Amino acid sequence: MANVYGVIKRPLVTEKGVTKKESDRTLCFEVSGGANKTEIRHAVEAVFKVKVAEVRTSITAGKLRRRGKTSGYRSDWKKAWVRLKAGQKMPEYAEI
């Protein structure tokens with residue numbers, strides 16, 4: 001991936017994500033499906049100017065959705081949990 005903003009699509013602001021952010025110094029992002037852990041690490045370090053300790057990823061399967069009699073599946077998407085090193089300032093998502 002050439003662009004760091006092509007790797008990180010958006011932060012996931014959910015109850016679980018905010019709790020992990022406050023307690024475990026872990027940020028949660030929706031990332032590009034083709035991005036690997038090294039690219040995600042470099043993108044987070046470049047955008048937020050912090051040091052990353054660990055990156056974990058998971059691919060979430062798209063759910064079945066219906067609209068009346070038609071049905072279809074949402075796209076699969078990739079989630080990244082990024083833990084920061086000790087002593088790093090926790091960034092706020094509104095600061096980007």
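The values are calculated or read from the model by the stated rules, or taken from the named source; none is laboratory data. As the structure is a prediction and not an experimental result, all values here were calculated from the model. So basically every Cβ, Gly included, is an ideal-geometry build from the backbone, and we count neighbours across all protein chains shown.
Can you tell me which residue within segment 58-82, out of those that are of a type in the set (D, E, K, R) and more than 13 Å from the chain's Cα centre (by Cα), is farthest from Asn3 (Cα to Cα)?
Here the answer is Lys69.
So which residues in segment 12-44 are under 14 Å from Gln88 (Cβ atoms) and touching a helix residue (DSSP H, G or I) at 6+ places or on another chain (Cβ under 9 Å), if there are any at all? Break it down stepwise before answering.
We begin by selecting, within segment 12-44, every residue under 14 Å from Gln88 (Cβ atoms); these are 21, 24-27, 41, 44.
Of everything in segment 12-44, those that are under 14 Å from Gln88 (Cβ atoms) and touching a helix residue (DSSP H, G or I) at 6+ places or on another chain (Cβ under 9 Å) turn out to be Thr26, Leu27, Val44.
When segment 10-35 is examined, which residues are found to be farther than 17 Å from Gly87 by Cα, free of Cβ contacts under 8 Å to residues at least 60 places away in the same chain and under 12 Å from the mean Cα position of the chain (by Cα)? Full working, then the answer.
So the first thing to find is which residues in segment 10-35 are farther than 17 Å from Gly87 by Cα, and the list is 10-19, 28-35.
Imposing the further condition that a residue be free of Cβ contacts under 8 Å to residues at least 60 places away in the same chain reduces the set to 10, 14-19, 28-35.
Hits for segment 10-35 are Arg10, Thr14, Gly17, Cys28, Phe29, Glu30, Val31, Ser32, Gly33, Ala35.
For Val7, are the conditions met, namely being surrounded by 11 or more Cβ atoms within 10 Å (Cβ to Cβ), more than 19 Å from Lys89 (Cα to Cα) and not charged (D, E, K, R)?
Values: surrounded by 11 or more Cβ atoms within 10 Å (Cβ to Cβ): yes; more than 19 Å from Lys89 (Cα to Cα): yes; not charged (D, E, K, R): yes.
Against the criterion (surrounded by 11 or more Cβ atoms within 10 Å (Cβ to Cβ), more than 19 Å from Lys89 (Cα to Cα) and not charged (D, E, K, R)), Val7 qualifies.
Determine whether Val55 is closer than 21 Å to Asn3 by Cα, at pLDDT 95 or above and of a type outside the set (Lys, Arg). Steps first, answer last, please.
Working: closer than 21 Å to Asn3 by Cα: yes; at pLDDT 95 or above: yes; of a type outside the set (Lys, Arg): yes.
Criteria met by Val55.
Considering (1) closer than 17 Å to Pro91 by Cβ; (2) surrounded by fewer than 16 Cβ atoms within 10 Å (Cβ to Cβ); (3) not small (Gly, Ala, Ser), say which one Arg56 fails and leave the rest.
Of (1) closer than 17 Å to Pro91 by Cβ; (2) surrounded by fewer than 16 Cβ atoms within 10 Å (Cβ to Cβ); (3) not small (Gly, Ala, Ser), only one is false for Arg56: (1).
Just checking, how many residues over segment 18-52 are crowded, with 18+ Cβ neighbours inside 10 Å, farther than 11 Å from Lys79 by Cα and of a type outside the set (A, V, I, L, M)?
Counting residues in segment 18-52 that are crowded, with 18+ Cβ neighbours inside 10 Å, farther than 11 Å from Lys79 by Cα and of a type outside the set (A, V, I, L, M) gives 5.
Looking only at segment 40-56, decide whether some residue is touching a residue at least 60 places away in the same chain (Cβ under 8 Å), out of contact with any Phe, Trp or Tyr (no Cβ under 7 Å at 6 or more places or on another chain) and among the aromatic types (Phe, Trp, Tyr). Quick ask: steps written out before the conclusion?
Quick first cut of segment 40-56, residues touching a residue at least 60 places away in the same chain (Cβ under 8 Å) only: none.
No, segment 40-56 has no match at all.
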